[in-house]
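Notes to accompany the following structure.
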Amino acid sequence: MRVLLTGANGYIGRFVADRLLADPAVQLTALGRGDDADVRFDLASGSPGALTRFLDAVHPQVVVNCAGATRGGARELTRHNTVAVATVCEALRRSGCGARLVHVGCGAEYGPSQPGSSTAEDAVPRPGGPYGVSKLAATELVLGSGLDAVVLRVFSPAGPAPPPAPRWAGWPRRCAAPCSRVTVS
């Protein structure tokens, strides 16, 4: 199975990459902004057309989007969490690859909850800040895209070498940071 992974160097993405690389049936390509990506491409500023050409050349069966940002102002969070997802969705709509999109969302989309309580999957999202708003907007883009897509909302990821604590106090550590050798143009 051919898999395209964005955010492979982020906190969640690196664990996803490790699992995919351990499966001999998976042919993994990592796309991202950094020099350590297989394909260098910035989802927040790159054109959907360029990404479409890449998708048509590689023809992945699955695109796993773990890319995003957990820190920054509203503009930066919107670029890396929402605009980037809009680029992925538009490129997938234009592409003939027919890949399924697996988008990693976040529990912050639901907003704060009372200590000791749980949040049902069908709870009404009420994000409490720019991060949650940007992630919810991305989820809405994916769900409204008409693509073969699923959103996995991750709550309070924990494990070895967790990301630095976010700037907002009281919130659990959150989703993936942007990842990221060939430049797509």
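The values are calculated or read from the model by the stated rules, or taken from the named source; none is laboratory data. This is a predicted model, so every value here is computed, not measured. Here the Cβ is made from the backbone with ideal geometry for all residues, glycine too, and neighbour counts use every protein chain on show.
Annotations for the structure displayed:
- Test: residue in the range 76-99 that is in a loop (DSSP other than H, G, I, E, B), within 16 Å of the chain's Cα centre (by Cα) and modelled with pLDDT of 95 or more: yes
- Some residue of the range 110-122 being buried (at least 19 other Cβ atoms within 10 Å of the Cβ) and aliphatic (A, V, I, L, M): no
- Scanning the range 142-156 for residues that are surrounded by fewer than 21 Cβ atoms within 10 Å (Cβ to Cβ) and part of a helix (DSSP H, G or I) yields a single hit, Leu143.
- Total residues in the range 44-74, condition part of a loop (DSSP other than H, G, I, E, B), crowded, with 16+ Cβ neighbours inside 10 Å and either of a type in the set (Gly, Ala, Ser) or at pLDDT 95 or above (or both): 8
- Residue that is modelled with the highest pLDDT, among those in the range 9-38 that are surrounded by 15 or more Cβ atoms within 10 Å (Cβ to Cβ) and in a loop (DSSP other than H, G, I, E, B): Val26
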